[in-house]
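Notes for the one structure printed next.
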Amino acid sequence: MPKVMFDRVLLFLVSFFMLAVGQVQAGSPVTQPLAGGWQRAAQSGNATVFGPLSSSKAKGTRYRADAINVKFRPGVSEAEKSNLHKRHGSTPGRSFDHLRMQHVKLRKGVSVEEALKSYQADPRVEHAEPDYLLNAQASPNDPFFSQLWGFNTINAPIAWDTSTGSSNVVIAVIDTGIDYNHPDLAANIWTNPGINVGYSGDLHGIDTSNHDSDPMDDHYHGTHVAGTIGAVGNNGVGVAGLSWNVKLMACKFLDAAGNGYTADAIECLEYVRMMKAQGVNIVATNNSWGGGDDSLLLRQAIDAQRDILFIAAAGNDSTNNDAAPFYPASFALPNLIAVAATDNNDNVASFSNTGRNSVHVAAPGTSIFSTTPGNSYQYLQGTSMAAPHVTGLAALLGASGKDWKQIRNLILAGGNGLASLTGKTITGRRIDAANSVACLDRPLFALQQMPDSLQAGTTVTLSAISINCGQAAGPVSVTITPQGGAASYLQLRDDGVAPDLAAGDGVFTGSWTPASS
């Protein structure tokens with residue numbers, strides 16, 4: 001068999017260049033106002049109102065945009081301090097005499113960086129620094145939060161320091177329905193604003209199993225999935241979802257026994273597609289189901305909504321999806337993420353399907369505590385429970401306006417590599433919400449499609465994921481060395497021209513026809 005080698009030298013050069021750019025930016029701090037950042041500092045007898053918070057992009061720290069803290073050298077008189085402030089147009093605030101420190105309000109139009117530079121240059125000043133924002137480090141007040149071990153494993157509390165989601169993001173749960181009256185879900189249930197796509201009374205979604213517009217869960221599975229994605233966080237009730245703020249659209253196609261049909265699943269997908277076309281910001285669908293044959297129509301229905309991520313459970317048969325495909329997770333589509341399950345020791349769950357070339361990433365899936373119908377909560381396990389961790393992360397990432405390609409790549413690149421996943425998934429990674437939400441430089445190169453055997457005259461397709469955080473990182477080429485023959489080179493492309501499926505998604509693809517096997 002010819003030797004096939006993917007050439008990553010150019011990829012490494014791209015990664016190095018991006019890192020160098022980041023270092024240049026880090027040397028030039030930039031501030032920006034943060035919404036809702038108005039603060040009040042108490043003084044004796046009055047109050048000084050300071051402006052919005054700013055954030056250093058270089059360090060990720062936050063501080064006031066219109067004030068600094070200044071420490072004077074010993075022996076500096078009050079008159080000297082006053083003259084110094086006047087010269088800079090600043091106003092003294094609170095004084096901490098024991099520390100020789102003053103809180104200083106800056107003149108309008110003077111940046112923190114400018115003020116620090118000028119104060120630090122004065123011989124009477126020992127030290128000057130921004131007025132940093134400090135946060136109480138606490139978990140949400142949901143009483144069962146301590147039982148959500150998976151969120152700690154994927155560093156969700158760290159991600160929540162950056163984002164807890166947005167009510168402008170919609171996630172469609174295609175499942176057994178959702179108990180939309182559950183007190184931990186009700187505030188995050190999507191309500192149709194009056195869009196008519198051919199269903200009467202579709203207030204929170206539709207039921208294609210019973211052919212009506214009431215997607216109430218008469219099983220438990222869909223409500224459990226919904227809780228992991230988007231149970232209301234920090235509301236003093238039950239649990240929290242990965243995205244505290246989100247809108248959950250329900251499409252019930254599985255019946256009270258947990259069974260459904262392809263046509264009903266496709267109808268759900270079409271409902272989602274039509275709603276998206278009418279302006280509903282549907283970022284992803286959660287699909288914790290599968291097991292049917294290779295349905296071309298289901299594949300096409302998923303492919304027809306490329307701008308919506310399709311997050312699928314890999315299956316619970318302890319099998320290899322490369323050898324025995326599990327649908328819909330095994331469909332090779334650019335907007336699909338197939339999810340395996342890990343346990344609380346970061347090992348592959350005993351029941352989980354895997355696949356070096358067909359399962360993308362893993363997430364916690366054992367002993368997952370979440371909402372169930374009737375204002376209840378329950379532990380469940382399965383790749384059905386792993387997939388909504390990924391979907392909840394997609395909701396968090398979608399809150400900042402990223403498109404499906406960026407979200408998909410951030411999920412994959414942000415993951416942590418585990419020895420237990422080596423050779424078991426495409427990336428070898430388990431998701432990490434903090435890494436994905438605050439991704440700066442996390443390159444990922446992973447072979448996605450490579451033939452096990454070659455036959456002379458038969459064309460094969462080769463592909464690799466090459467990304468850094470949310471962006472494609474190329475070019476990527478392949479060196480092919482036949483036994484006893486000269487090497488040939490194949491440039492893989494990410495241009496959306498067959499056999500490549502989507503332009504700019506970070507999957508580089510090419511075809512090759514061996515002259516001999």
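The values are calculated or read from the model by the stated rules, or taken from the named source; none is laboratory data. What you see is a predicted model; the values in this text were computed from it and never measured. No Cβ is skipped: glycine too gets one built from the backbone with ideal geometry, and neighbour counts run over all protein chains shown. Remember, those area values only see protein heavy atoms, side chains included, never the ligands or the DNA or RNA. Shrake-Rupley method; radii C 1.70, N 1.55, O 1.52, S 1.80 Å.
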Next item on the list: Using only the alpha-carbon atoms of the stretch 397-495, report the extent along each of the three principal axes, biggest first, to the nearest angstrom.
Entry: 52, 32, 21
Check: Which peptide among 462-471, 75-84 comes first, and what is the full order, when sorted by highest mean count of other Cβ atoms within 10 Å?
Finding: 462-471, 75-84
Item checked: Average Cα contact separation per residue, the stretch 370-453, under 8 Å, 6 or more apart, as relative contact order % -> 22
Next item on the list: Highest first, please rank the peptides 145-153, 246-254 by the mean number of other Cβ atoms sitting within 10 Å of their residues.
Entry: 246-254, 145-153
Note to self: With equal scatterers on the alpha carbons only and no solvent term, can you work out the Debye log10 of I(q)/I(0) for the stretch 163-208 at 0.14, 0.25, 0.29, 0.30 1/Å?
What the structure shows: -0.39, -1.13, -1.33, -1.35
Item checked: Estimated 222 nm signal from helices in the chain, with DSSP H stretches of n ≥ 4 weighted -39500 (n - 2.57), rounded to 500 -> -6500 deg cm²/dmol
Notebook entry, point to check: Of 457, 389, 472, whose Cα points farthest to the positive end of the dipole of the chain (charges on the beta-carbon: +1 Lys, Arg; -1 Asp, Glu; origin at the Cα centre)?
Noted result: 472
Item checked: Percentage, to the nearest whole number, of Cα pairs in the stretch 183-282 over 22 Å apart -> 30
Margin query: Between residue 121 and residue 158, what's the calculated FRET efficiency when r is the beta-carbon distance and R0 is 45 Å? Round to 0.05.
Written below: 0.75
Notebook entry, point to check: Taking R0 as 35 Å, what's the FRET efficiency between residue 297 and residue 256 from their Cβ-Cβ distance, rounded to 0.05?
Noted result: 0.90
Next item on the list: Kindly state, as a whole number, the per residue volume in cubic angstrom of the convex hull around the alpha carbon atoms of the chain.
Entry: 184
Next item on the list: Would you calculate the separation in nanometres between label points at residue 486 and residue 513, each defined as 7 Å from the Cα along the Cα-to-beta-carbon direction?
Entry: 2.0
Notebook entry, point to check: Using Cα pairs under 8 angstrom and six or more residues apart, how large is the relative contact order of the chain, in percent?
Noted result: 14
Next item on the list: Please get the size of the charge dipole for the chain, origin at its Cα centre, with Cβ charges of +1 on Lys and Arg and -1 on Asp and Glu, quoted in debye to the nearest 20.
Entry: 2580
Item checked: Residue order for 493, 124 - accessible surface, 1.4 angstrom probe, largest first -> 493, 124
Checklist line | Charge dipole of the chain about the Cα centre (unit charges at C-beta), most positive-ward option of 223, 492, 423 | finding: 492
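If you take the square roots of the eigenvalues of the alpha-carbon gyration tensor of the stretch 361-430 and sort them as a ≥ b ≥ c, do you get rounded (a/c under 1.5), prolate (a/b over b/c) or oblate?
Oblate is the answer for the stretch 361-430, as a/c is 1.5 or above yet b/c matches or exceeds a/b.
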